[in-house]
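Just below is one structure, and these are the notes that go with it.
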Amino acid sequence: MASKQFVVIGLGNTGYFLARHLTALGHDVMVIDPSPEKIQDISSSVSQAVVADGTRKKQLQALPLSKVDAVICCIGEDLEASLLTILNLKELGVKNIIAKSSSPEHTIILEKLGVEDIFHPERDMAVSLAERLNRPNMLDYLPFMEGFSIVEIVCPKDFIGKTLKELSLTHKYGVQVIAIRDPLEPTPKIGNIADYVLQEQDVLFLIGPNEALDTFKG
């Protein structure tokens, strides 16, 4: 995968971990924050770390923001700082803006400012935790579309030694296994898996209606 260029504005927990993980994935990451201490803490972990205030347009203007793949505004709690930063990015002609929201009201204002890509880390983490508590044998949860999800579960005991064709999950439950992962193997099995005999260590990726997935809560 080709390396991309990202700018992360705001070094709270979200911005800090996002910037480090994007860097670990091989991307070129610039971080921006008004705190010299925060910039110093992360400077060795990213491509470039700049002490600057997103609410001050002149400071942003000096940076090559229009040339990157995306600018991610991770300012959440300080609503005024978040919105001023977004307005400055818009005025500077930044095309791909991704913004963190900390409340429904924050989201509404971001949408009115024309931000189409908005994420809600606290809400999404809480929803994911609730889903995992609701389905004890589920390893991960991803909302797919209204009423549907993708879940990652350990192979149920009564599936072991059987094939997906034998189990006929789509016919019986309305869910489909889209991939199978053996924790000891680097890549999951995708496609032509109907005749694969399920093993105890396998992890299944299922997609389907939430009500049907509840069948596999364990």
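Of the residues that sit in the range 80-103 and are of a type in the set (D, E, K, R) and under 23 Å from the mean Cα position of the chain (by Cα), which one is surrounded by the fewest Cβ atoms within 10 Å (Cβ to Cβ)?
Filtering the range 80-103 for residues that are of a type in the set (D, E, K, R) and under 23 Å from the mean Cα position of the chain (by Cα), the one surrounded by the fewest Cβ atoms within 10 Å (Cβ to Cβ) comes out as Lys95.
I'd like the full set of residues that are without any contact (Cβ under 8 Å) to a residue 60 or more places away in the chain, surrounded by 13 or more Cβ atoms within 10 Å (Cβ to Cβ) and assigned to a helix (DSSP H, G or I), limited to the range 167-218.
Leu167, Leu169, Thr170, Tyr173, Ala212, Thr215
Could you check the range 8-79 for helices (runs of 4 or more DSSP H) lying wholly inside it with 2 or more residues that are at pLDDT below 95, surrounded by 18 or more Cβ atoms within 10 Å (Cβ to Cβ) and among the polar types (S, T, N, Q)?
13-24
Mind listing whichever residues of the range 1-57 are of a type in the set (Lys, Arg) and closer than 18 Å to Asp69 by Cβ?
Selection gives Lys4, Arg20.
So, in the range 1-25, exactly how many residues are touching a residue at least 40 places away in the same chain (Cβ under 8 Å) and more than 23 Å from Leu84 (Cβ to Cβ)?
Of the residues in the range 1-25, the ones touching a residue at least 40 places away in the same chain (Cβ under 8 Å) are 4-12, 14-15, 18.
Within this subset, residues satisfying the condition of being more than 23 Å from Leu84 (Cβ to Cβ) are 4-5.
Residues that pass the stated criteria total 2.
Just to be sure I understand the filter: pairs with C-beta atoms under 9 Å, separated by 6 or more residues or on different chains, first member in the range 26-53 and farther than 14 Å from Val8 by Cβ and touching a residue at least 60 places away in the same chain (Cβ under 8 Å), second member open to solvent by less than 60 Å² (accessible area, probe 1.4 Å) and part of a strand (DSSP E or B). Which pairs pass?
Nothing qualifies.
The values are calculated or read from the model by the stated rules, or taken from the named source; none is laboratory data. Computed from a predicted model, the values in this text were never measured in an experiment. Quick reminder, even Gly has a Cβ in these numbers, built from the backbone with ideal geometry, and neighbours come from all protein chains shown. Accessible surface is based on the protein model in full, side chains and every heavy atom, while ligands, DNA and RNA are left aside. Shrake-Rupley method; radii C 1.70, N 1.55, O 1.52, S 1.80 Å.
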